[in-house]
Amino acid sequence: IGEIKRFIRDDGIIKVSRAYKDISYKAFTVKERMMAEQKTEPTLAEIANELNITPQELSTAMEAARSPESLYAQTDD
Amino acid sequence: MNNYMKLEIPSKTTNEAFARAAVGAFAAQVDLTIEELSDIKTAVSEAVTNSIIHGYKDASGVIFINCNISCKDDKYTIEIVIEDKGKGIEDIDVAMQPLYTTSPNDERSGMGFTVMQSFMDSLDVNSVLGEGTKVVMTKRIGAENTYD
Amino acid sequence: MNNYMKLEIPSKTTNEAFARAAVGAFAAQVDLTIEELSDIKTAVSEAVTNSIIHGYKDASGVIFINCNISCKDDKYTIEIVIEDKGKGIEDIDVAMQPLYTTSPNDERSGMGFTVMQSFMDSLDVNSVLGEGTKVVMTKRIGAENTYD
Ligand SMILES: Nc1ncnc2c1ncn2[C@@H]1O[C@H](COP(=O)(O)OP(=O)(O)O)[C@@H](O)[C@H]1O
Ligand SMILES: Nc1ncnc2c1ncn2[C@@H]1O[C@H](COP(=O)(O)OP(=O)(O)O)[C@@H](O)[C@H]1O
Ligand SMILES: [Mg+2]
Ligand SMILES: [Mg+2]
């Protein structure tokens with residue numbers, strides 16, 4: 001496991017900030033599609049289900065994508 | 001389903017985003033819409049920012065966030081309590097007026113309490129000068145039924 | 001940047017997903033990789049699940065989660081403490097052995113501690129029978145430098 005991890009980290013490092021932005025974008029697309037189909041606003045859980053993640057994760061991802069400056073700022077102290 | 005969480009964080013500006021995320025992740029167990037979720041997060045932002053900026057000014061202090069989810073007749077209510085042990089508010093009625101701010105130079109809009117009030121279903125503020133401020137907000141989830 | 005959070009939640013299975021998300025959101029203030037984040041969340045899941053399933057069995061109890069981020073020489077360390085006041089572990093060395101489980105019928109794999117150990121940089125377990133269990137895990141962020 002250690003070897004593989006080292007390899008992945010040295011090579012294609014994907015930062016969380018990037019992944020969260022992707023999830024948020026996909027969530028937006030799914031939401032628009034569902035609204036067109038159902039004529040009502042889909043719930044967080046419905047969108048999360050479509051993206052195969054938990055509603056808790058989706059909420060967190062959307063949060064991070066909203067304010068990268070503050071969530072990832074390393075300015076304090 | 002009844003559930004709760006109690007959270008304690010230091011009054012750092014980075015923790016405004018974390019508080020939003022934590023309360024949002026907690027609220028996410030209820031089947032709410034993105035809009036309801038975003039209302040809750042916005043209200044949390046305003047309350048936590050107030051504790052950081054006004055309650056503790058530039059000093060470091062602790063912020064307590066308690067959340068409760070309760071269910072009655074198939075409707076959920078989320079209660080969020082945000083508390084600081086900071087300098088407190090002299091006159092709550094005045095402080096809650098739209099556009100009222102004691103930090104006009106800080107680019108504060110004076111609309112924090114108004115935002116909390118309009119994005120949540122109830123807002124209750126308790127404060128004692130020199131002891132701290134406690135904001136209690138609730139939101140009912142499943143909006144169509146709340147207008148019956 | 002040094003920061004902390006203290007979280008208290010009841011031992012409900014829905015709170016496993018919340019604990020993962022909350023610790024994840026806290027850890028995400030450091031600009032870590034997906035893999036580092038997923039390692040942390042997996043370790044948190046295992047520890048919280050243990051408190052729910054083994055610590056409190058079917059009874060309801062409280063789980064305490066403390067996180068700390070500290071910075072030294074531009075490297076971040078995240079420390080996560082997960083504690084319950086449940087039934088405790090009789091022999092920690094035995095319990096931590098790969099494949100060891102006291103709930104073989106529950107589809108438990110006995111790999112929880114092994115997973116925590118391999119996904120985190122350190123794991124420390126303290127437990128007193130009848131009093132509870134405390135798991136302390138740390139992970140250094142910015143992996144290339146931790147192998148120097
Ligand atoms: N937690 C708090 N501690 C001390 N004073 C507060 C707190 N929250 C609000 N106040 C006072 O109430 C006023 C109005 O708050 P708010 O409506 O959020 O507007 P703003 O934050 O833009 O000033 C603040 O300017 C401040 O004087
Ligand atoms: N928080 C806890 N409270 C009581 N017992 C525990 C706790 N965590 C682990 N244990 C004991 O240690 C054993 C091994 O744990 P683990 O490696 O996670 O495997 P599993 O959970 O699949 O049984 C468990 O079967 C249980 O007996
Ligand atoms: Mg304000
Ligand atoms: Mg386990």
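Label points 7 Å out from Cα along the Cβ direction at A:Asn52 and B:Thr49: separation in nm?
Placing both labels 7 Å beyond Cα along the Cβ direction yields 3.8 nm.
What FRET efficiency comes out for B:Thr42 versus C:Ser38 if R0 is 35 angstrom and r is the Cβ-Cβ distance? Round to the nearest 0.05.
0.75
Post the alpha-carbon centroid distance, the stretch C:80-148 to the stretch B:3-82, in whole angstrom.
After rounding, the separation between the Cα centres reads 30 Å.
Using a loss threshold of 50 Å², tell me which positions in the stretch B:1-19 are less accessible in the complex than in their chain alone. Probe radius 1.4 Å, ligands and nucleic acids ignored.
When all protein chains are present, B:Asn3, B:Tyr4, B:Lys6, B:Glu8, B:Lys12, B:Thr14, B:Ala17, B:Phe18 each give up 50 Å² or more of accessible surface.
Could you provide, to the nearest whole Å², the per residue accessible area of chain C with probe 1.4 Å?
45 Å²
State, in square angstrom and to the nearest 100, the accessible area buried between chains A and C, both chains counted, probe radius 1.4 Å. Can you show the working numbers first?
Details: alone 6370 and 8380 Å², together 12600 Å².
Roughly 2200 Å² of accessible surface disappears when A and C pair.
Carbon and sulfur together cover what percent of the accessible area of the stretch C:3-143 at a 1.4 Å probe radius? Please list the in-between numbers first.
On the way: 2860 of 6060 Å².
With neighbouring chains kept in place, the figure for the stretch C:3-143 is 47 percent.
List the residues of the stretch B:34-49 whose backbone N lies under 16 Å from a point placed 7 Å from the Cα of A:Met35 along the Cα-to-Cβ direction.
B:34-39
Where does the protein assembly as shown land at 222 nm, in deg cm²/dmol rounded to the nearest 500, when only DSSP H runs of n ≥ 4 count, each adding -39500 (n - 2.57), divided by all residues?
Helix-only estimate at 222 nm: -11500 deg cm²/dmol.
Given the pairs B:Lys57/C:Lys72; B:Lys6/C:Lys57; B:Lys57/C:Lys12; B:Lys87/C:Lys57; B:Lys12/C:Lys134; B:Lys87/C:Lys12, which are separated by over 32 angstrom at their Cα positions?
B:Lys57/C:Lys12; B:Lys87/C:Lys57; B:Lys87/C:Lys12
Order the following by accessible area, largest value first: C:Lys6, B:Lys41. Probe radius 1.4 Å; ligands, DNA and RNA are ignored.
Sorted by accessible area, descending: C:Lys6, B:Lys41.
Could you tell me the total accessible area buried at the C-B interface, probe 1.4 Å, in square angstrom to the nearest hundred? The partial results should precede the final answer.
On the way: alone 8380 and 8400 Å², together 15240 Å².
That pair of chains buries around 1500 Å² in total.
On a full-extension model of 0.36 nm per residue, what is the gain between B:Thr13 and B:Thr102, subtracting their alpha-carbon distance, rounded to one decimal in nm? Walk me through the numbers before you get to the answer.
Values: separation 89, 0.36 × 89 = 32.04 nm, distance 1.89 nm.
So the extension gain works out to 30.2 nm.
Starting from the Cα of B:Lys75, draw a straight line to each of the lysines and keep only those under 17 Å, dropping any in the same chain fewer than 8 residues away.
Here the lysines satisfying the reach criterion relative to B:Lys75 are B:Lys139.
Tell me, what is the percent relative contact order of the stretch C:3-143, built from C-alpha pairs under 8 Å that lie six or more residues apart?
27 percent.
What are the residues of the stretch B:26-58 that lose 40 Å² or more of accessible area, with a 1.4 Å probe, going from their chain alone to all protein chains?
B:Ala28, B:Asp31, B:Thr33, B:Ile34, B:Lys41
Under 20 Å between alpha carbons, and skipping anything fewer than 8 positions from A:Lys31 in its own chain: which lysines qualify?
A:Lys21, A:Lys39, B:Lys41
With all distinct Cα pairs included, what does the Kirkwood hydrodynamic radius of chain C come out to in Å, to one decimal, could you say?
Evaluated on chain C, it is 15.5 Å.
Describe numerically, in nm with one decimal, the distance between label points set 7 Å from Cα along Cα→Cβ at B:Met1 and at B:Ser109.
Distance between label points: 3.2 nm.
The values are calculated or read from the model by the stated rules, or taken from the named source; none is laboratory data. Please read all numbers here as calculations on a predicted model, not as lab measurements. Positions of Cβ are generated from backbone atoms using ideal geometry, with glycine treated the same way; all protein chains shown enter the neighbour counts. Only protein heavy atoms, including side chains, enter the accessible area calculation; ligands, DNA and RNA are left aside. Shrake-Rupley method; radii C 1.70, N 1.55, O 1.52, S 1.80 Å.
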